[in-house]
Structure formats: structure tokens, C-alpha cells
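Asks: This is the structure I have questions about; it appears just below.
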Amino acid sequence: MQKGYYPALFYAIVLHGALLALMTLSFAWRQISQASLPPPPLAIQAAVVDESMIEAELAKLEAADQRIREAEAQRSRELEEQAAKARAEREKEEARLATLARERKTAEKRDQELAEQRQKEEQERKIRDEQAADDRRKREETEKLKLADLEQTRLAEEKRVAALAEKRKKEEAAAEAVLQAEREEQLRRAVAEETARREAEEGGLLDEYKTLISQRIVRNWNKPDGVQVGLKCELLLTQIPGGEVTDVQVISCNGDAVVVRSIEAAVRKASPLPPPADPRLFDRKVRVLFEPDN
């Protein structure tokens, strides 16, 4: 109960008790008044009683009774006013208590809503934490699977690289064996060709080949004016298979620059050069003597 309720109740009880006491007192007063009246005179005494005295006494009693009634009415009005005031105060207090009750109910409802909101937020936070933990666990499992896949891929790649290395090693060994065989074959052929070439040279076939080249150049030479007898020049010719000359160098010559240029022009006109009688005597670079007087 709110503060102030007990005093109001006390005042109401006191007010009702006072009203009850006043009514009791009024009733008792009437009883006393009636008891204090003289007993009615006997019939035998009626003749000697003064009628004016009776009327005066009756008037006094009526006046006293009127005063009592007025006092009772005044007291009743006062009690009613006090009761109305008490009722107003009680209603005011009850309204205040109702307001407080509504405010308390509103506060309790607000507290309950806040508690429910906190509970809801806590549940949502818990759900988020659980979801985050689940996502983290899934990511970790995914990462583990990826690492496992990468490890398997790495091992498979290492095996593949090792197999390729072994295969390449075998292929290189086989290729080396082939190359070795080819080198040996080339060496054998080179030795055979060198032997045949030497035999051809010793048999005079190389000199005949060089003489043919020199004669071809002389036939294509446009002799400049004033060339002295006894012209002798050593030439280094570069040719490709088929005899086409790709370069000519005059290594030594007893003629002047005009003579040298005329010889170079003669070599280009003589291209392609004649082939040797023995193909093994062909060489990309050939040294010949240019002696037009011989």
C-alpha cells in the first residue's frame, strides 16, 4: 500500500465513529428528556394544574428538542462534509495509487520488454557466435582438405617430375649413345674421307681441281692495261655445294689495286666453279693461285 492510505482510513473510521456516537447521544438525550418530564397528572389533579405552566414547559421541551435536532443536523452536515472530504481524499489517494500502479505496471512491462529484448539479443548473439564458429570450423576443414589436396598434388608432381627426370635421363643416355655412335661414325667417315682425300691429293687430283678453278678464273678475267708479265696472286675462295662463290679474298698479289679488283670480278664471273673429279675433294674454302702467264 502507498503512503497516506492508512491516515485516510483512520480519519474515515474516526468520522464514522463520531457520527455513530452523536446519533447514540441524540437518542439517549431524547430518552433522558422524556424521562425528565413529569408524569402525567392524574385525572383527579387536572383541574388544579395551570394550563399555562404546561404550555410553557412544553415550549421549553420543544425548544430544547429543536436545539438538539439543529445540533444533530449541524453535526450531521459536518460529518457528511468530513466524510465527503475523506471520500475525496480517498478517491484522490486511490487515483494516485492507481496512477502509481499503472506507472509500476508500465515500468514492469518496460522492464519485461527490455529483458525480453536482452534475451533475444543474447540468443541472436549466441546464434551468431555458433554460426561464426561453425563457419570457422568449415573453413578450417576446407583449408585442411585444400592442404591435403595440395600435398597430394605436390607428391604426384614430384613423382611425375621424377619419372620425367628418369625418362629424360634414359633418353639422354640413349641420345648420348646415338650421338656417340654418330660421332664415331662421323670420325670413321672423316678418317676415311681424309684418307681418300690424301690419296686423291697424292694422286694429283686436288692439283688438277685447283688448276681447273684457276683456268676458269683466267678465262673470265678482263686484263687491265699495263699489267706486267709474271703476275701471281694467291686467292681464298668461299663456295657452297654446287660451286657458287659467296666470297673471294686476295691473300697476296704482286699487282696493284686495279689488278686486284679485276681478279675479284673475274672470280665472280667464273662462279659457279667446276666440281672436282672426286667429290671428296670438295671444300668450302679453296686456295688457288692466279697465274695468267702460265
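The values are calculated or read from the model by the stated rules, or taken from the named source; none is laboratory data. Worth saying up front: this structure is predicted, and the values here are computed from it rather than measured. Cβ: placed from backbone, ideal geometry, glycine included. Neighbour counts: every protein chain shown.
Asks: What is the number of the single condition among (1) acidic (D, E); (2) assigned by TED's automatic domain parsing to the domain that holds K285; (3) exposed (fewer than 12 other Cβ atoms within 10 Å of the Cβ) that E185 does not meet?
Replies: (2)
Asks: Filter the range 88-114 for residues that are touching a residue at least 24 places away in the same chain (Cβ under 8 Å) and over 59 Å from the mean Cα position of the chain (by Cα); which is surrounded by the fewest Cβ atoms within 10 Å (Cβ to Cβ)? Working first, answer last.
Replies: Going residue by residue through the range 88-114, those that are touching a residue at least 24 places away in the same chain (Cβ under 8 Å) are 89-90, 93, 96-97, 100.
Remaining after also requiring over 59 Å from the mean Cα position of the chain (by Cα): 89-90, 93, 96.
Working: E89: 15, R90: 18, E93: 18, R96: 13.
Among those that are touching a residue at least 24 places away in the same chain (Cβ under 8 Å) and over 59 Å from the mean Cα position of the chain (by Cα), it is R96.
Asks: Another question, if that's okay. Would you be able to say whether some residue in the range 209-226 is more than 13 Å from L289 (Cα to Cα), touching a residue at least 60 places away in the same chain (Cβ under 8 Å) and buried (at least 16 other Cβ atoms within 10 Å of the Cβ)?
Replies: At the first step, the residues of the range 209-226 found to be more than 13 Å from L289 (Cα to Cα) are 219-226.
From the residues that got through so far, the ones that are touching a residue at least 60 places away in the same chain (Cβ under 8 Å) too are 221, 223.
Within this subset, residues satisfying the condition of being buried (at least 16 other Cβ atoms within 10 Å of the Cβ) are 221.
Within the range 209-226, one or more residues are more than 13 Å from L289 (Cα to Cα), touching a residue at least 60 places away in the same chain (Cβ under 8 Å) and buried (at least 16 other Cβ atoms within 10 Å of the Cβ).
Asks: Now for a different question. Looking at the range 270-282 only, could you name the residues that are surrounded by 14 or more Cβ atoms within 10 Å (Cβ to Cβ), out of contact with any Leu (no Cβ under 6 Å at 6 or more places or on another chain) and not aromatic (F, W, Y)?
Replies: A270, S271, L273, P275, P276, R280, listed by residue number.
Yes/no matrix, rows are residues, columns are (1) of a type outside the set (D, E, K, R); (2) in contact with a Pro (Cβ under 7 Å, 6 or more places away or on another chain); (3) not in a loop (DSSP other than H, G, I, E, B):
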site	(1), (2), (3)
V229	yes, no, no
T238	yes, no, yes
S252	yes, no, yes
G255	yes, no, no
V258	yes, yes, yes
K269	no, no, yes
D283	no, no, no
L289	yes, no, yes
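Asks: Over 30 Å from Q249 (Cα atoms), assigned to a helix (DSSP H, G or I) and modelled with pLDDT under 90: which single residue out of E194, E158, E182, E199 fits that description? Talk me through it step by step, then tell me what you get.
Replies: Numbers: E194 fails: over 30 Å from Q249 (Cα atoms); E158 fails: modelled with pLDDT under 90; E199 fails: over 30 Å from Q249 (Cα atoms).
Going through E194, E158, E182, E199 in turn, the sole match is E182.
Asks: Now, a different point. When you go through R284, R216, R268 one by one, which is the residue that is at pLDDT 90 or above, closer than 19 Å to L205 by Cα and in contact with a strand residue (DSSP E or B) (Cβ under 9 Å, 6 or more places away or on another chain)? Full working, then the answer.
Replies: Working: R216 fails: in contact with a strand residue (DSSP E or B) (Cβ under 9 Å, 6 or more places away or on another chain); R268 fails: closer than 19 Å to L205 by Cα.
From the options R284, R216, R268, the qualifying one is R284.
Asks: Could I ask something else about it? Between a residue in the range 246-258 that is under 11 Å from K232 (Cα atoms) and in contact (Cβ under 8 Å) with a residue 24 or more places away in the chain and any residue that is surrounded by 12 or more Cβ atoms within 10 Å (Cβ to Cβ) and polar (S, T, N, Q), which pairs come within a Cβ distance under 7 Å, given they are 6 or more apart or on different chains?
Replies: none
Asks: List every residue pair whose Cβ atoms lie under 8 Å apart, where the two residues are 6 or more positions apart in sequence or sit on different chains, the first residue falls within the range 227-239 and is touching a residue at least 24 places away in the same chain (Cβ under 8 Å), and the second residue, located anywhere, is of a type in the set (F, W, Y) and surrounded by 14 or more Cβ atoms within 10 Å (Cβ to Cβ).
Replies: L231/F290; K232/F290; C233/F290; E234/F290; L235/F290
Asks: I've got another one for you. Kindly evaluate A277 against the criterion of being among the aliphatic types (A, V, I, L, M), closer than 19 Å to E208 by Cα and either in a loop (DSSP other than H, G, I, E, B) or out of contact with any strand residue (DSSP E or B) (no Cβ under 7 Å at 6 or more places or on another chain) (or both). Break it down into steps so the answer makes sense when it comes.
Replies: Details: among the aliphatic types (A, V, I, L, M): yes; closer than 19 Å to E208 by Cα: yes; either in a loop (DSSP other than H, G, I, E, B) or out of contact with any strand residue (DSSP E or B) (no Cβ under 7 Å at 6 or more places or on another chain) (or both): yes.
Answer is yes for this residue.
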